[in-house]
Amino acid sequence: MGFLVTTLIFLVVGIIASLCVRICCNRGPSANLLHLTLIITATVCCWMMWAIVYLSQMKPLIVPILNETE
Amino acid sequence: MGESGRGCCPPMDLMRSEPMQLVQLIIPIESAHLAVSYLGDLGLIQFKDLNAEKSPFQRTYAIQIKRCGEMARKLRFFRDQMSKAGLPPAARSVTPSLTSLDDLEVKLGDLEAELVEINANSEKLQRSYNELVEYKLVLEKAGEFFYSARSSAEAHQREYASNLSGEESLETPLLSEQAAMDPSKQVKLGFITGLVPRDKSMAFERILFRATRGNVLLKQAVVDEPVIDPVSGEKVEKNVFVVFFSGERAKNKILKICEAFGANRYAFNEDLGKQSQMINEVSGRLSELKTTIDAGLVHRGNLLQTIGEQFEQWNLLVRKEKAIYHTLNMLSIDVSKKCLVAEGWSPVFATKQIQDALHQATHDSNSQVDAIFRVLHTREMPPTYFQTNKFTSAFQEIVDAYGVAKYQEANPGVYTIVTFPFLFAVMFGDWGHGICLLLGTLYFIIREKKLLSQKLGDIMEMTFGGRYVIMLMALFSIYTGLIYNEFFSVPFELFARSAYVCRDPACRDSTSVGLIKARDTYPFGVDPAWHGTRSELPFLNSLKMKMSILLGVAQMNLGIILSFFNALFFKNSLNIWFQFIPQMIFLNSLFGYLSVLIIIKWCTGSQADLYHVMIYMFLSPTDELGENQLFPGQKLTQIVLLLLALVSVPWMLLPKPFLLKLQHSRHQGESYAPLPGTDESLQAEANHDSHDHEEFEFSEVFVHQLIHTIEFVLGAVSNTASYLRLWALSLAHSELSSVFYEKVLLLAWGFNNVIILIIGIIVFICATVGVLLVMETLSAFLHALRLHWVEFQNKFYEGDGYKFYPFSFALLDYEEE
């Protein structure tokens with residue numbers, strides 16, 4: 001799974017979540033907008049976190065060196 | 001990040017505080033009370049005090065408030081009495097016997113008088129009962145003294161007599177015979193009996209001895225059970241004493257000492273027959289008193305029971321009435337004394353509800369005249385009112401604790417709902433701990449209804465109030481824990497196999513050169529192969545440090561973008577052109593560039609030293625980069641970015657004050673021209689102008705802008721550095737949890753002993769709960785709080801508004817308890 005595929009998964013999950021919230025608790029346009037904002041923010045945060053960790057491991061400058069005792 | 005609020009979208013909940021209006025109500029005096037009561041039920045209007053210059057005693061309804069205060073005092077008295085009697089007031093009674101205030105006042109007065117009388121009587125009875133109990137004790141104990149003394153004296157006498165009958169020895173005192181034989185010369189000893197508190201008895205004895213120079217005989221007997229003291233009504237451990245003395249002076253002294261020691265004295269008769277008669281008499285009276293007291297208690301209990309049934313209702317009524325009169329006192333009375341004029345803030349959406357309430361009040365009070373509802377135009381800053389629900393209110397409180405939003409400015413609370421728990425979780429990433437936290441908070445959420453109704457302790461109350469915050473914190477912690485691949489610091493190969501393998505089948509140089517990456521990158525989170533290796537810390541440090549900077553730059557950018565939406569909303573184009581744009585350029589040309597470099601470095605696997613690049617970007621921007629070059633044309637880009645950053649500082653500082661000055665002088669010219677519109681708007685406009693422009697002082701504006709610019713430029717550096725706390729705390733958390741796991745749990749496991757293992761598990765659980773789940777949660781919470789209050793909110797948030805406090809009966813409950 002490459003970077004783009006997982007990013008796409010995040011995108012799809014975000015869209016599904018927004019749709020779910022839109023369908024499950026539809027409380028007028030202003031509340032829906034708030035819910036959408038919350039979900040977009042949450043998705044972006046989660047994606048950023050994942051992307052940072054993934055990117056940092058793509059081309060490792062250092063590799064795991066096991067401890068002597070093991 | 002997701003932002004909105006453009007003209008095309010509907011207004012977002014919680015983003016801006018509710019639009020407010022200043023309304024004027026003119027209410028006929030006969031329906032005023034009812035109208036205010038209905039408005040209190042509605043709870044959507046904040047009355048302004050129109051009589052601020054009057055003292056509480058000069059106001060129209062001062063007498064009624066005093067009456068309500070008196071009734072509240074009576075109710076408090078009843079509550080005290082009930083809690084003493086162990087009768088909790090019944091929950092809201094079902095019988096709706098809504099009495100009027102006057103009836104209630106009479107009723108409360110009667111009940112109070114009755115209760116006070118009953119109390120006084122029963123107190124009197126109780127006192128005499130206690131006295132009798134003590135008296136009885138004295139009679140019994142002192143009787144024993146006298147009896148034993150008498151028998152021993154008789155024995156003595158007999159012995160003496162037998163001695164006499166025998167031969168007179170040399171030792172026989174010559175005088176004793178005469179003394180014994182001559183009854184007229186016998187000294188009549190007096191005595192006093194009574195009870196003294198046991199803890200004072202030693203001192204009592206000593207003082208008696210000294211005061212009478214030893215010419216006293218004190219006998220004490222311990223009373224086994226504590227006695228109720230008639231004076232204080234408390235249970236005290238006491239001793240019965242008998243003091244023998246001789247002479248009137250000694251008697252006086254002893255009486256005084258008894259008084260000083262709180263020793264109750266009781267008359268005692270030497271005669272045995274009389275003693276038994278007294279005891280019988282006292283016992284009879286005791287049982288008589290007992291029945292009387294019991295009857296009194298039953299009567300009192302019944303009275304309190306009837307009070308308790310309706311107590312809550314009365315209490316509510318009195319408090320409501322008091323609040324209503326308090327509000328009525330804030331209204332100004334018309335010259336004709338026929339109507340009251342109220343002014344107050346209310347949300348625009350509540351207009352219809354308020355009008356309905358007023359109409360209802362007019363109808364119900366059979367008033368001839370309808371109340372008048374009028375919207376006033378004002379330049380005053382309206383209060384800030386966010387309609388929160390049980391989920392969002394805790395987050396809004398986090399923001400409000402820093403400062404209440406200015407009227408209608410962008411509310412950081414919207415983003416705080418997600419970013420606060422997220423930044424918390426970055427510092428608290430461990431999905432084991434996250435699950436523990438989630439279970440804890442789910443308990444609160446599931447039992448929400450029950451816990452809401454009961455009173456909790458201080459800390460519990462706070463945790464309960466923030467239950468949804470903690471829930472989101474826990475959920476994000478589980479997510480970041482999966483990313484960090486830590487479950488109580490143990491990694492799992494959940495998503496794929498580790499990307500790293502040994503270089504050769506024998507794995508010989510795995511401890512010197514290390515493993516090699518042979519497969520695709522681990523798809524989700526940190527590769528489990530890192531755990532416990534020698535290079536784990538350098539790798540995680542580098543990763544988390546860079547992550548902190550990336551997240552920080554993203555959040556600060558969000559903050560600056562929110563300032564753009566604020567400027568757009570308030571139609572302040574100066575702030576867009578001379579604050580928002582240079583700020584964006586400044587931050588992103590330095591730290592945005594750093595973020596880009598970090599990502600490029602990761603993607604290309606370059607060996608470039610980013611510190612070196614950033615430092616020499618300032619020191620010698622024209623030098624060749626050499627091996628630190630990450631992309632072609634980097635030198636030129638850096639020079640351009642540096643120039644942009646340098647330009648944006650004066651851009652932020654200079655134009656805005658000058659343009660404001662220009663605007664001001666142009667406005668002044670305009671205000672002399674005739675204004676179109678009605679008188680009212682003219683007046684309002686003039687008012688506004690005088691407010692806005694009289695105080696314009698260029699130097700002040702300039703200094704303000706200077707401070708703002710310096711704060712931003714320095715803040716860009718220090719705030720970015722401040723985000724490194726994300727790295728530090730997450731490092732501390734993972735190190736601590738791995739220490740507890742390895743040094744406690746694994747060590748105990750190694751002993752192969754059940755008892756040691758159990759102890760190890762207990763210590764591990766205590767350390768995990770105490771240190772990681774409680775203290776670390778607290779510290780990560782505080783750091784996330786700081787990142788929001790300072791680093792995020794100082795980019796756009798003014799926070800100088802004031803909160804909307806509506807007059808509402810629903811809020812009354814909280815205030816007084």
- Item | Any pair with Cβ under 7 angstrom, 6 or more apart, that starts in segment A:1-22 at a residue that is at the interface with chain B (Cβ under 10 Å from one of its Cβ atoms) and ends at one that is open to solvent by less than 90 Å² (accessible area, probe 1.4 Å) and not in a helix (DSSP H, G or I) | A:MET1/B:PRO523; A:THR6/B:PRO523
- Task: Filter segment A:29-47 down to residues that are of a type in the set (A, V, I, L, M, F, W, C), more than 11 Å from the chain's Cα centre (by Cα) and more than 7 Å from chain B (Cβ to nearest Cβ), then give me how many there are.
- Result: 1
- Pair list, Cβ < 6 Å and 6+ apart or interchain, from segment B:40-53 residues that are under 19 Å from B:MET20 (Cβ atoms) to residues that are among the β-branched types (Val, Ile, Thr): B:PHE47/B:THR327
- Query: Among A:VAL12, A:VAL63, A:VAL53, which is the only one that is over 22 Å from B:VAL596 (Cβ atoms), under 12 Å from the mean Cα position of the chain (by Cα) and of a type outside the set (D, E, K, R)?
  - Reply: A:VAL12
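Quick grid of which residues meet (1) buried (at least 19 other Cβ atoms within 10 Å of the Cβ); (2) more than 13 Å from chain A (Cβ to nearest Cβ); (3) touching a Lys or Arg at 6+ places or on another chain (Cβ under 7 Å); (4) not polar (S, T, N, Q):
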| site | (1), (2), (3), (4) |
| --- | --- |
| B:ALA499 | yes, no, yes, yes |
| B:ALA518 | no, no, no, yes |
| B:SER589 | yes, yes, no, no |
| B:GLN607 | no, no, no, no |
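So which residues in segment B:251-278 are open to solvent by less than 50 Å² (accessible area, probe 1.4 Å) and closer than 15 Å to B:PHE204 by Cα? First the steps, then the outcome.
At the first step, the residues of segment B:251-278 found to be open to solvent by less than 50 Å² (accessible area, probe 1.4 Å) are B:254-255, B:257-258, B:261-264, B:266, B:268, B:273, B:275.
B:ILE254, B:LEU255, B:ILE257, B:CYS258, B:PHE261, B:GLY262, B:ALA263, B:ASN264 - these are the residues of segment B:251-278 that are open to solvent by less than 50 Å² (accessible area, probe 1.4 Å) and closer than 15 Å to B:PHE204 by Cα.
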- So how many residues does segment A:26-59 have that are over 20 Å from B:SER548 (Cβ atoms) and of a type outside the set (Lys, Arg)? 15
- Item | Condition broken by B:SER738, with the remaining ones in (1) touching a residue at least 40 places away in the same chain (Cβ under 8 Å); (2) closer than 27 Å to B:PRO412 by Cβ satisfied | (2)
- Quickly run through segment B:447-475 and pick out the residues that are of a type in the set (A, V, I, L, M) and surrounded by fewer than 12 Cβ atoms within 10 Å (Cβ to Cβ). B:LEU452, B:ILE459, B:MET462
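Consider segment B:535-550. How many of its residues are among the polar types (S, T, N, Q) and open to solvent by 30 Å² or more (accessible area, probe 1.4 Å)?
If we filter segment B:535-550 for residues that are among the polar types (S, T, N, Q), which is where we start, we get B:535, B:541-542, B:548.
Filter once more, keeping what is open to solvent by 30 Å² or more (accessible area, probe 1.4 Å): B:541-542.
Of the residues in that region, 2 qualify.
Could you please find all residues in segment B:483-497 being without any contact (Cβ under 8 Å) to a residue 60 or more places away in the chain, surrounded by 17 or more Cβ atoms within 10 Å (Cβ to Cβ) and within 10 Å of chain A (Cβ to nearest Cβ)? Break it down stepwise before answering.
So the first thing to find is which residues in segment B:483-497 are without any contact (Cβ under 8 Å) to a residue 60 or more places away in the chain, and the list is B:483, B:485, B:487, B:491-497.
Restricting the remaining residues to those that are surrounded by 17 or more Cβ atoms within 10 Å (Cβ to Cβ) gives B:483, B:485, B:487, B:491.
Hits for segment B:483-497 are B:ILE483, B:ASN485.
Has segment B:608-619 got any residue that is in contact with a Gly (Cβ under 9 Å, 6 or more places away or on another chain) and part of a helix (DSSP H, G or I)? Working first, answer last.
Here is the first cut: in segment B:608-619, the residues in contact with a Gly (Cβ under 9 Å, 6 or more places away or on another chain) are none.
Looking through segment B:608-619, none of the residues is in contact with a Gly (Cβ under 9 Å, 6 or more places away or on another chain) and part of a helix (DSSP H, G or I).
One line per residue, one yes/no per condition, for (1) away from chain A (no Cβ under 14 Å); (2) farther than 30 Å from B:ALA567 by Cα; (3) at pLDDT below 85; (4) surrounded by fewer than 20 Cβ atoms within 10 Å (Cβ to Cβ):
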position: B:PRO10; (1), (2), (3), (4): no, no, yes, yes
position: B:PHE47; (1), (2), (3), (4): yes, yes, no, no
position: B:PRO89; (1), (2), (3), (4): yes, yes, yes, no
position: B:GLU114; (1), (2), (3), (4): yes, yes, no, yes
- Query: For segment B:630-647, does any single residue satisfy the condition of being out of contact with any Cys (no Cβ under 6 Å at 6 or more places or on another chain), closer than 25 Å to B:THR720 by Cβ and within 14 Å of another protein chain (Cβ to nearest Cβ)?
  - Reply: yes
- Checking B:PRO88 against (1) under 29 Å from the mean Cα position of the chain (by Cα); (2) part of a helix (DSSP H, G or I); (3) of a type outside the set (A, V, I, L, M, F, W, C), which single condition isn't satisfied? (2)
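Within segment B:24-35, track down each residue that is farther than 12 Å from B:GLN355 by Cα, touching a strand residue (DSSP E or B) at 6+ places or on another chain (Cβ under 8 Å) and in a helix (DSSP H, G or I). First the steps, then the outcome.
First pass over segment B:24-35, keeping only residues farther than 12 Å from B:GLN355 by Cα: B:28-34.
Remaining after also requiring touching a strand residue (DSSP E or B) at 6+ places or on another chain (Cβ under 8 Å): B:28-29, B:32.
Hits for segment B:24-35 are B:ILE29, B:ALA32.
Restricted to segment B:355-366, and to residues that are out of contact with any helix residue (DSSP H, G or I) (no Cβ under 7 Å at 6 or more places or on another chain) and either in contact (Cβ under 8 Å) with a residue 24 or more places away in the chain or of a type outside the set (D, E, K, R) (or both), which residue is least open to solvent (accessible area, probe 1.4 Å)? Working first, answer last.
In the first step, residues of segment B:355-366 are kept if they are out of contact with any helix residue (DSSP H, G or I) (no Cβ under 7 Å at 6 or more places or on another chain); the result is B:355-356, B:359, B:363, B:366.
Those still in the list that are either in contact (Cβ under 8 Å) with a residue 24 or more places away in the chain or of a type outside the set (D, E, K, R) (or both) too: B:355, B:359, B:363, B:366.
Values: B:GLN355: 79, B:HIS359: 109, B:HIS363: 128, B:ASN366: 125 Å².
In this case the residue turns out to be B:GLN355.
Evaluate the following for B:ALA554: is it within 11 Å of chain A (Cβ to nearest Cβ) and either open to solvent by less than 10 Å² (accessible area, probe 1.4 Å) or at pLDDT 95 or above (or both)? I'd like the intermediate steps shown before the answer.
Numbers: within 11 Å of chain A (Cβ to nearest Cβ): yes; either open to solvent by less than 10 Å² (accessible area, probe 1.4 Å) or at pLDDT 95 or above (or both): yes.
Yes: the conditions hold for B:ALA554.
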- Query: Which residues, taken from segment B:738-763, are exposed (fewer than 12 other Cβ atoms within 10 Å of the Cβ) and among the charged types (D, E, K, R)?
  - Reply: none
- Residue check, A:ASN26 against (1) open to solvent by less than 70 Å² (accessible area, probe 1.4 Å); (2) away from every other protein chain (no Cβ under 11 Å), all met but one. Which one? (1)
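Could you say which residue among B:THR511, B:THR480 is farther than 27 Å from A:TRP50 by Cα and within 7 Å of chain A (Cβ to nearest Cβ)? Explain how you work it out, then say what you get.
Numbers: B:THR480 fails: farther than 27 Å from A:TRP50 by Cα.
Answer to the check: B:THR511.
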- Item | Residue among B:GLY525, B:GLY532 that is open to solvent by less than 30 Å² (accessible area, probe 1.4 Å), within 9 Å of chain A (Cβ to nearest Cβ) and farther than 19 Å from A:TYR54 by Cα | B:GLY532
- Task: Mind checking which helices (runs of 4 or more DSSP H) fall wholly inside segment B:734-817 and carry at least 3 residues that are under 30 Å from B:ILE549 (Cα atoms) and in contact with a helix residue (DSSP H, G or I) (Cβ under 6 Å, 6 or more places away or on another chain)?
- Result: B:776-786
- Message: For segment B:268-310: of the residues being free of Cβ contacts under 8 Å to residues at least 60 places away in the same chain and assigned to a loop (DSSP other than H, G, I, E, B), which is nearest to B:GLU237 (Cα to Cα)?
- Response: B:ASN269
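To keep it simple, each residue is scored yes or no on (1) farther than 22 Å from B:PHE349 by Cβ; (2) in contact with a Lys or Arg (Cβ under 6 Å, 6 or more places away or on another chain); (3) surrounded by fewer than 20 Cβ atoms within 10 Å (Cβ to Cβ).
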residue: B:PHE373; (1), (2), (3): no, no, yes
residue: B:GLU380; (1), (2), (3): no, no, yes
residue: B:LYS390; (1), (2), (3): no, no, yes
residue: B:ALA401; (1), (2), (3): yes, no, yes
residue: B:PRO421; (1), (2), (3): yes, no, no
residue: B:GLY429; (1), (2), (3): yes, no, no
- Task: Say whether the condition of being in contact (Cβ under 8 Å) with a residue 12 or more places away in the chain and more than 7 Å from every other protein chain (Cβ to nearest Cβ) is met by at least one residue in segment A:48-63.
- Result: yes
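Can you tell me which of B:ARG59, B:ARG79 is farther than 15 Å from B:THR306 by Cβ and modelled with pLDDT under 90? So that I can check it myself, show each step before the final result.
Values: B:ARG79 fails: farther than 15 Å from B:THR306 by Cβ.
Answer to the check: B:ARG59.
The values are calculated or read from the model by the stated rules, or taken from the named source; none is laboratory data. For clarity, every value in this text was computed on a predicted model and none was experimentally measured. With ideal geometry, Cβ positions are generated from the backbone for all residues, glycine too; neighbour counts draw on all protein chains shown. Just so you know, the surface numbers come from the protein's heavy atoms only, side chains and all, with ligands and any DNA or RNA stripped out. Shrake-Rupley method; radii C 1.70, N 1.55, O 1.52, S 1.80 Å.
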